[in-house]
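All remarks here apply to the structure that follows.
Nothing in this text is a laboratory measurement; each read-out follows from the coordinates by a stated rule. Small disclaimer: the values here were computed from a predicted structure and weren't measured. For neighbour counting, all protein chains shown are included, and Cβ atoms are generated from backbone atoms with ideal geometry for every residue, glycine included.
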């Protein structure tokens, strides 16, 4: 880091949306308290955003304005710590990160896409120049899960990380369950209320959760963040009937990011799952996030809190700024960048687990015989089965949960079900997660 500023931390904030304005508010309200806790004065030396005249609820007139955020990371800018809140995996955010870290200037970001896609490169650059690189706010907002994995659980061999990492999806699923509403109806209402973006693709299709899962896997297992081998499913196809039957069977549906270390390699995936009502993640409702970590010495630890919003995310950014002020270092991704392993990805077809299956079929003799014949031939063993009265579109529902089985066998059975004349719509499948 630049060292010509008499011990002060001079912060340049790039991106002045909800979170950026929140960071300004915290520094203005708690500046003296933060200085006492960090041992160094921290002040804002510059700000940058696309629109200089937008009302952000804070007075920015006293701060130096940079039309080009990258200029804040120049060696002669007078700034020694960049806070990047622009977003996006490439473009200005990546250019700013490379410029800052290349010049030995500290870099704090809430940008999960940036770390998921370029984490190893940026960690290596930071370690080469000695620049701090922190990204607590990139995953689960105000929950200190990055610090927990990088510091608090450092003495453990972490075997699994599972989490509800997207508040929009959890809010939608919560309302679908409580009010019996269809996905499209809740999404429209969530957009009206500001819980979902006008274009909600990144949230509801699981991409946001995948970025965060890739980061957690890297920290947990010492591997490079890997988005290419991370199967990702969203919640568009969750139907009220599945939520209803999940409840009847003792489960609740959640969108999960899962990373676990198996004998075959590192398994990462994002998908809706049925979680037992008794499990910690099942009882996380509305826009709240939560992460469960399994370690060999600590056992299971649970982290829960606000995963987004101005206050929680700005709070996490501020924690990173204070860590930089205190001189807290260490490998940026948990282990030195040159020691990050390339994970051996485990295809989702090899996943071993239990499953929920829903079929809508004709109500006639011989249907169950056809279904059970296929299950037997594909070596899928049924743990429980329900048959319910007529569906609104005709036919009846058959609901099954399986014993432990390889996913490829379940997929093969589902493909064969679609070829049966008695099956009236594409079968639904959900993984069951403890």
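For residue 157, project a label point 7 Å along Cα to C-beta. Then give me every residue of segment 266-310 with its amide nitrogen under 11 Å of that point.
296-297
Taking the highest mean first, how do the peptides 28-37, 372-381 order by number of other beta carbon atoms within 10 angstrom per residue?
Details: 28-37: 12.7, 372-381: 15.0.
Packing proxy ranking, top to bottom: 372-381, 28-37.
In segment 214-229, which residues have a backbone nitrogen under 13 Å from the label point lying 7 Å from residue 89's Cα in the Cα-to-Cβ direction?
From segment 214-229, the list is 214-215, 225-229.
Would you mind getting me the FRET efficiency between residue 365 and residue 426? Use the beta-carbon distance for r and R0 = 25 Å, nearest 0.05. Mind showing how you got there, number by number?
Values: r = 24 Å, r/R0 = 0.94.
Computed FRET efficiency for residue 365 and residue 426: 0.60.
Starting with the highest mean, order 126-134, 169-177 by the number of other Cβ atoms within 10 Å, averaged over the residues of each peptide.
Working: 126-134: 20.1, 169-177: 22.4.
Result, highest mean Cβ count within 10 Å first: 169-177, 126-134.
Please compute the contact order of segment 9-138 in relative form: average sequence separation of alpha-carbon pairs under 8 Å and at least six residues apart, divided by the residue count, as a percent. Display every interim value, and only then the final one.
On the way: 237 pairs, mean separation 30.5, N = 130.
With pairs under 8 Å counted, the relative contact order is 23 percent.
Which of these values of mean projected area of the Cα convex hull in nm² was calculated from the structure shown: (1) 23.2; (2) 21.7; (3) 27.7?
(2)
Once you order the gyration tensor axes a ≥ b ≥ c over the Cα atoms, which shape class does segment 1-104 get: rounded for a/c under 1.5, otherwise prolate or oblate by comparing a/b with b/c? Mind showing how you got there, number by number?
On the way: a/c = 1.76, a/b = 1.08, b/c = 1.63.
Oblate, since a/c reaches 1.5 and b/c is not below a/b.
For residue 33 paired with residue 406, estimate the spin-label separation in nm (one decimal), with each label point 7 Å from Cα along the Cα-to-Cβ line.
Each label point is offset 7 Å from its Cα along the Cβ direction, giving 5.7 nm.
What does DSSP give for the chain in terms of the percent of beta bridges that are antiparallel, rounded to the nearest 5? All intermediate terms of the calculation are to be shown ahead of the outcome.
Values: 51 of 73 bridges.
Counting only bridges with both partners in the chain, antiparallel ones make up about 70 percent.
Quick check on the chain: helices-only [θ] at 222 nm, where DSSP H runs of length 4 and up contribute -39,500 (n - 2.57) each and the sum goes over total residues. Nearest 500, please.
On the way: 11 runs with 142 residues, N = 434.
The helix-only estimate for the chain comes to -10500 deg cm²/dmol at 222 nm.
Can you give me the Cα centroid spacing of segment 340-371 and segment 33-76 in angstrom?
A separation of 52 Å, based on Cα centres.
Please give the Cα centre distance for segment 232-299 versus segment 95-170, rounded to the nearest Å.
A separation of 23 Å, based on Cα centres.
Run the numbers on segment 145-304 and let me know its relative contact order in percent, using alpha-carbon pairs under 8 Å that are six or more apart. Please list the in-between numbers first.
Numbers: 302 pairs, mean separation 56.0, N = 160.
The normalised contact order for segment 145-304 reaches 35 percent.
Relative contact order for the chain using alpha-carbon pairs under 8 Å, separation at least 6, rounded to a whole percent? Don't skip to the answer; put the middle values down first.
Values: 934 pairs, mean separation 70.6, N = 434.
Relative contact order here is 16 percent.
Which peptide among 271-281, 155-165, 48-58, 227-237 comes first, and what is the full order, when sorted by highest mean count of other Cβ atoms within 10 Å?
Details: 271-281: 19.1, 155-165: 21.1, 48-58: 12.9, 227-237: 17.4.
Ranking, from highest mean packing down: 155-165, 271-281, 227-237, 48-58.
How far apart, in nanometres, would the label points at residue 388 and residue 298 be if each is projected 7 angstrom from Cα along the Cα-to-Cβ direction?
In this crude label model, residue 388 to residue 298 measures out at 3.9 nm.
Classify segment 229-304 as rounded, prolate or oblate from the Cα gyration tensor: take a ≥ b ≥ c as the square roots of its eigenvalues, call it rounded if a/c is under 1.5, otherwise prolate when a/b beats b/c and oblate if not.
Numbers: a/c = 1.98, a/b = 1.36, b/c = 1.46.
Here segment 229-304 falls in the oblate category.
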